[in-house]
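Comments concern the structure below.
The values are calculated or read from the model by the stated rules, or taken from the named source; none is laboratory data. Please read these numbers as outputs of a predicted model, since none were measured by experiment. We place every Cβ from the backbone using ideal geometry, glycine too, and count neighbours over all the protein chains shown.
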Amino acid sequence: MKHPSWTITIIALLGFGLTLSAAYWQFKRADYKRELESRFIEMQAKVSLDLNKTLDPSLELEFRRVNAYGTLDASQRMILDNRIRRGQAGYEVLVPLSITDSDAVILVNLGWIPRGRNLGQLPDIVIPRSPVVVKGTIVRPGLGALELSDVTIEGDIWQNLDLVRYRSLHSIDVLDYVIQSDPIKGVSTNFEQLWSKPSFGIDTHLSYAGQWIMFAFLILFFYIYYGFIKQRRDA
């Protein structure tokens, strides 16, 4: 009985190994996302941290509930464009908060506001000049949308939240975090501040892992069937 050639065997082994490796990578990503989800639940359960009293860079702050007293600077605002909620385009507005009795500055996401009828029409935003109390959840900026143009900043409008660019443009050494704010007294009340729980995508990774395992065993099945079983039947 004729056996599969070495070329076919090597290709099958490579395909089998690569697909299993891809499945393993997806399982590892799912484990990592489980750790993130557990950390989110743990941090949300902790007592709110007062940033005026405790702002240690060595502390793990992501997903922690915090409160801070300081001054918002509307002149250094960042308006993130094309943020979609319920199928409607809008903006998210961020302004730096200078924390009182501290050199620390952190960006505060005031929330989502729908886009006006005319493209590029900026929302009217009322921000008090006097100090305010900000309460919310601290997050790390994630990857933004794909930038299809070199024009990523037009005035106050930004395509993505890029802290490196922001620091360079405004000469403000903001922290590596952003506060997703609760309603702030004195700030425009037409902001939507319903922050959804982060989607960690664990089920998506497990689904992809299952698909890669299926592809691996399909390769193995076709190799055995056409290389041995079918040839034996035809002999």
Could you count how many residues in the stretch 36-54 are part of a loop (DSSP other than H, G, I, E, B) and in contact (Cβ under 8 Å) with a residue 60 or more places away in the chain?
-> 1
Any residue in the stretch 1-26 that's touching a residue at least 40 places away in the same chain (Cβ under 8 Å) and surrounded by 12 or more Cβ atoms within 10 Å (Cβ to Cβ): show its pairings with residues that are in a helix (DSSP H, G or I) and of a type in the set (Phe, Trp, Tyr) at Cβ separation under 6 Å, as long as the two are six or more apart or on different chains.
-> ALA12/TYR223; THR19/TRP212; THR19/PHE215; ALA22/TRP212; ALA23/TRP212; GLN26/TYR208
For the stretch 1-49, which residues satisfy the criterion of being aromatic (Phe, Trp, Tyr) and under 24 Å from TYR226 (Cβ atoms)?
-> TRP6, PHE16
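Residues checked against (1) more than 21 Å from ILE138 (Cα to Cα); (2) outside the structural domain of ALA12 (by TED's automatic domain parsing); (3) not aromatic (Phe, Trp, Tyr):
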{"position": "ASP156", "(1), (2), (3)": "yes, yes, yes"}
{"position": "ASP176", "(1), (2), (3)": "no, yes, yes"}
{"position": "GLN193", "(1), (2), (3)": "no, yes, yes"}
{"position": "LEU206", "(1), (2), (3)": "yes, no, yes"}
{"position": "ILE213", "(1), (2), (3)": "yes, no, yes"}
{"position": "LEU218", "(1), (2), (3)": "yes, no, yes"}
{"position": "PHE221", "(1), (2), (3)": "yes, no, no"}
Confirm whether ASP50 is exposed (fewer than 14 other Cβ atoms within 10 Å of the Cβ), over 22 Å from the mean Cα position of the chain (by Cα) and modelled with pLDDT of 90 or more.
-> yes
Filtering the stretch 158-171 down to residues that are outside any loop (DSSP other than H, G, I, E, B) and within 29 Å of ASP31 (Cβ to Cβ) yields LEU163
Residue selected from the stretch 190-211 under the condition polar (S, T, N, Q) and in a helix (DSSP H, G or I), by the criterion surrounded by the fewest Cβ atoms within 10 Å (Cβ to Cβ) | SER207
Mind telling me which of the residues VAL174, VAL187, VAL134 ends up being at pLDDT 90 or above, within 30 Å of ASP56 (Cβ to Cβ), among the aliphatic types (A, V, I, L, M) and part of a loop (DSSP other than H, G, I, E, B)?
-> VAL174
